[in-house]
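Since the structure comes first, as structure tokens, the remarks are kept for the end.
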Amino acid sequence: MTECTSLQFVSPFAFEAMQKVDVVRLASLSDPELRLLLPCLVRMALCAPADQSQSWAQDKKLILRLLSGVEAVNSIVALLSVDFHALEQDASKEQQLRHKLGGGSGESILVSQLQHGLTLEFEHSDSPRRLRLVLSELLAIMNKVSESSGEFFFKSSELFESPVYLEEAADVLCILQAELPSLLPIVDVAEALLHVRNGAWFLCLLVANVPDSFNEVCRGLIKNGERQDEESLGGRRRTDALRFLCKMNPSQALKVRGMVVEECHLPGLGVALTLDHTKNEASEDGVSDLVCFVSGLLLGTNAKVRTWFGTFIRNGQQRKRETSSSVLWQMRRQLLLELMGILPTVRSTRIVEEADVEMEPNVSVYSGLKEEHVVKASALLRLYCALMGIAGLKPTEEEAEQLLQLMTSRPPATPAGVRFVSLSFCMLLAFSTLVSTSGVSASFGEMLLLVAMYFHSNQLSAIIDLVCSTLGMKIVIKPSSLSRMKTIFTQEIFTEQVVTAHAVRVPVTSNLSANITGFLPIHCIYQLLRSRSFTKHKVSIKDWIYRQLCETSTPLHPQLLPLIDVYINSILTPASKSNPEATNQPVTEQEILNIFQGVIGGDNIRLNQRFSITAQLLVLYYTLSYEEALLANTKTLAAMQRKPKSYSSSLMDQIPIKFLIRQAQGLQQELGGLHSALLRLLATNYPHLCIVDDWICEEEITGTDALLRRMLLTSNAKNHSPKQLQEAVPVSHTQVMQILEHLTLLSASELIPYAEVLTSNMNQLLNSGVPRRILQTVNKLWMVLNTVMPRRLWVMTVNALQPSVKFVRQQKYTQNDLMIDPLIVLRCDQRVYRCPPLMDITLHMLNGYLLASKAYLSAHLKETAEQDRLSQNNTIGLVGQTDGPEVTREELKNALLAAQDSAAVQILLEICLPTEDEKAKRVNPDSLLRNVQSGITASTPTKGMEEGEDNLLCNLREVQCLICCLLHQMYIADPNIAKLVHFQGYPCELLPLTVAGIPSMHICLDFIPELIAQPELEKQIFAIQLLSHLCIQYALPKSLSVARLAVNVMGTLLTVLTQAKRYAFFMPTLPSLVSFCRAFPPLYEDIMSLLIQIGQVCASDVATQTRDIDPIITRLQQIKEKPSGWSGICKDPSYKNGPRDTGSMDPDVQLCHCIESTIIEIINMSVSGI
């Protein structure tokens, strides 16, 4: 609004005086300044105040004295004497008429019969008519604004343009708005004033006379403003008006700027206000408000604001109107001035060139960047990157030259200086058009190395990501724009060989952790390993990686695990097929063992360890990953005829894997994904260290109870040495118990020194007279030790529990021996079988070694399969048979594992059988089943039952329970084991125990039909006996169908078996029919018919003999037809125990008597059930 420049505006001093009603300040104003504020002051003096205080009364007198000498006050008083109520009614009627007739109607109720133009009419009119003239003109403009639908128009009005009557018109305008606020809302009036000449001046006077409306007016103008203000005349006029308002009230300028950003309107206004504020603030060395404001818009998190301001920059460049009146031009000029203000001072180039040759070579033409300017320089670089990369600013030649000069200046050697160099370097990469061909700057920093590696491997997208990450903004960089920088890097600064050779000499990062941010040597080494530069140029990187792994701490740096993975890949996979030897060297076994010093020995586990737990876990991860990758790449390596070194089993035995995993579990948050990665490797390669029971036991050991126990720990517990325990074992059980109880208060790691003493004396605990409490405490301590050193503990325990044979030297088994043959665990002292605490330990080891054996054989198969295949192919020369040996080896492995598992199960079942001594003491293995059946039949316990219940407290029963638990786990883990064991068969005396004690025995119902269909008579008998117990335990529909099948099979076999086989089959299976009837009464008819049929067949076989068997057959028919009449007789003990000619050796007669007994038992059962 250039038309307003000659007019006098309200000064900030006057506006602040009006805002605070500071009468003293108002009195100090000049007459021209005071003239602008008369409407408000006159109303203030004449209207009745709400404030009745004495101080205001005094101020009011001062105001009246101030106004007494001003002539214009009389005209304002006359304006205030008008009937505003009538005026408002006429104005309302005129608005209604305008809406009715249309906005262009020339009729007016407020003003009629205009003889001359508005200016002359205004001059000749009295106060009421002046009010009507201004009100009519203002309402007309406001109506046109409301009907314009946002399109800007310029309204020519004599009333607002005549310089003679501007002050009088302003007085009328202020009085009208103050007296008719509902008819003339101040925001609508402000919007209308933008469309007339001198509108900004009128607006400032209006707001100055109503100072409380400043924020309201500004927000309204911004809200109704354009998104891009410099695109249109209306936008520029609105911006100028708001700038005049903010100059009048500079304290609110930044708040108005915040409204601009909040509404995303008028970006030019925001920049203009910032420029005004920057000029007013004192010059400082810090970052200016303009840099902070524009950087915040472009680099902030609000994408809407970023897009809005970026559009302002792009549109401003497209207009090609870069004059001093353009806000964008003013902003760029100010930024350039700030940039030039911090540039280093330049010495005369000519003088330097003409200087004598003896001048020191390290003297630069430019002096260094001042330390106080470094932060500001970095901020300016980031801002220019954002303007060019996000907002699309195209720098002028002057801007490019000054930027390049700043980027190539040398900062001081401080962290801020390093940051400045990184930003300069990334800006050169991002905007290669700034690069001057006259010189190149080079540095041996990690970022330069990293970029050089990316250029060599042509990973331009990685360079773009690196640049965006360093600059802290996402900018668009075309890969083609990096071609010039690529040439400079790859051909002039860093050749690939130079990069590789220098990277190895870069020191490792001390105490590397995630807290150390930025670009580190590890990033460079990682990229070189990925590109296989080390192997290509035969540079050894093993020592550097080992040193870096040793120099690590928590929280874990995210680049360490990828570094290890790519290093392992470079060891196993050659860089090219033509050169299979081009690989890196693996870490040696001795270097690995050095990492675990202090942990392996056990005694010094809590003393000063040389390496951190992070380093130990990383080396463990490397070792396990290396072995896994070696197995996975066996085929590829064999095809290349390469055999990389595998770490020995003795090395793996010495690494405390479980202890380290337990330590990692407590540091999961700090280790990132390392703990889960180790668990995955462990579950794959060491399943015996991932037994579920161990994890549950570990939860109990490390839980709240353990913490409470440690609170009870006294100094005496720590005073008991392993030697004292060793000396107390053969002397006093009481002393041993006391020491063991104290040891239970120690943590798992503190118990490690006692492991050898505990295991070596286990054989002595098998002697008679050892208290059960000692055995249970030893079991408890063993389980605690199992959480930190399971493999070593198992080997010591197996060797300690070997049977002691005189004059025979005991063999010392190794970990490898036990993995090859897990059944060695069961070749222990026979007394262990009747010592439940030690048997629990034995079963735990057996389960672990069975799992270890599976993993061992699978790994062995992968290691040797390809070599065997190749050797067989070379021998036979048949291509079509390449898959044959592999399938055979896999089948043999599975068969071996199945035989191994089934042998273990059979041995354990055999242990469950009572010995001859136990049989002599009437230990009944069927007691558990009879106890269950007694609950089902609800019969009264007999004397024999009471004896069985007493026998439940024996060691045999406890061992049976432990074995049943293990078998249940094995059956659930692999149901094929259960099938194989039952197809092999075992003593039928154990069926009551296995069915009742192993919950997973119900899976046998799936394969019993197949077992019954076997041709061997023994398997058929075993299947029917097993089924009879399963029907009692699991009376399910599936059991009923299988039982019905068994009855039908028995009927079928009756017709095909010879006399001898019939006797051998039916004598052991007939009692099973009683169980079928007990479980499923609907089978009663079929079973009774089968029994009669068996009896008839037997009778027919002896028909030719002299012995008459008809009375037995007749009795059987009568029992079947009238069972109720025989129930009393059947219950008679004398009948049961009467003479039955049992001495007869005729098989058919004996079978008939067995049938009769079976029928009677069924009848007794059915009658008692009724």
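If you add up the charges near ALA1043, with Lys and Arg at +1 and Asp and Glu at -1, over every other residue whose beta carbon is less than 12 angstrom from its beta carbon, what do you get? Charge balance near ALA1043 sits at +2.
Can you give me the % of accessible surface on segment 155-210 that is carbon or sulfur? Probe 1.4 Å, all protein chains present, nothing else counted.
50
Here the peptides 1150-1160, 538-548 are ranked by packing, the mean other Cβ count within 10 Å, and the order with the highest first is 1150-1160, 538-548. First measure r as the distance between the Cβ atoms of GLN726 and ASP974, then evaluate 1/(1 + (r/R0)^6) with R0 = 45 Å and state the FRET efficiency to the nearest 0.05. The calculated FRET efficiency here is 0.60. Each peptide in 552-559, 134-141, 57-64 was scored by the mean count of other Cβ atoms within 10 Å over its residues; highest first, the order is 134-141, 552-559, 57-64. If you take the charge dipole of segment 12-76 about its Cα centre, with +1 on Lys and Arg Cβ and -1 on Asp and Glu Cβ, which of CYS47, LEU29, ALA17 is farthest toward its positive end? After comparing all options, I get CYS47. Share of carbon and sulfur in the accessible area of segment 12-76 stands at 55%, probe radius 1.4 Å. Specify whether the C-alpha gyration tensor of segment 1034-1107 places it in the rounded, prolate or oblate class, a ≥ b ≥ c being the square roots of the eigenvalues: rounded for a/c under 1.5, otherwise prolate if a/b is larger than b/c and oblate if not. Verdict is prolate for segment 1034-1107.
For LYS155 and GLN89, a Förster radius of 22 Å and the Cβ-Cβ distance give a FRET efficiency of 0.30, rounded to the nearest 0.05. For segment 771-838, what class follows from the C-alpha gyration tensor (a ≥ b ≥ c being the square roots of its eigenvalues): rounded when a/c is under 1.5, otherwise prolate if a/b is larger than b/c, else oblate? Here segment 771-838 falls in the oblate category. Listed cross-link partners LYS20/LYS255; LYS979/LYS1019; LYS144/LYS223; LYS304/LYS474; LYS862/LYS979 are compared with a 22 Å cut-off, the Cα-Cα value being larger for LYS862/LYS979. The Cβ shell under 13 Å around LEU593 holds other residues with a net charge of -2, Lys and Arg each +1, Asp and Glu each -1. Electrostatic tally near LEU1053: other residues with Cβ closer than 11 Å to its Cβ, Lys and Arg +1, Asp and Glu -1, net +2. The portion of the accessible surface of segment 978-1041 made up by carbon and sulfur, rounded to a whole percent, is 61 (1.4 Å probe; DNA, RNA and ligands excluded).
Of the cross-linked pairs LYS279/LYS394; LYS635/LYS658; LYS645/LYS854, those separated by over 27 Å at the C-alpha level are LYS635/LYS658.
Of the whole protein surface, TYR1084 contributes about 50 Å² of accessible area at a 1.4 Å probe radius. Summary of packing: across the peptides 731-741, 243-253, the per-residue average of other C-beta atoms within 10 Å ranks them, highest first, as 243-253, 731-741. Taking only the alpha-carbon positions of segment 12-76 and ignoring solvent, what does the Debye formula give for the base-10 log of I(q)/I(0) at q = 0.23 Å⁻¹? Values, matching the q order: -1.02. At q = 0.15, 0.17, 0.18 Å⁻¹, what is the log10 ratio I(q)/I(0) for segment 495-685, with the Debye formula run over Cα points and no solvent? So the normalised log intensities work out to -0.94, -1.18, -1.31.
Averaged per residue, segment 208-262 has 39 square angstrom of accessible surface, using a 1.4 angstrom probe with ligands and nucleic acids left out.
Based on protein heavy atoms only, segment 495-685 ends up with 43 Å² per residue of surface accessible to a 1.4 Å probe.
The values are calculated or read from the model by the stated rules, or taken from the named source; none is laboratory data. Please read all numbers here as calculations on a predicted model, not as lab measurements. Reconstructed Cβ throughout: ideal geometry from the backbone, glycine too, with neighbour counts over all protein chains shown. Areas reflect the complete protein model, heavy atoms only, side chains present, ligands, DNA and RNA absent. Shrake-Rupley method; radii C 1.70, N 1.55, O 1.52, S 1.80 Å.
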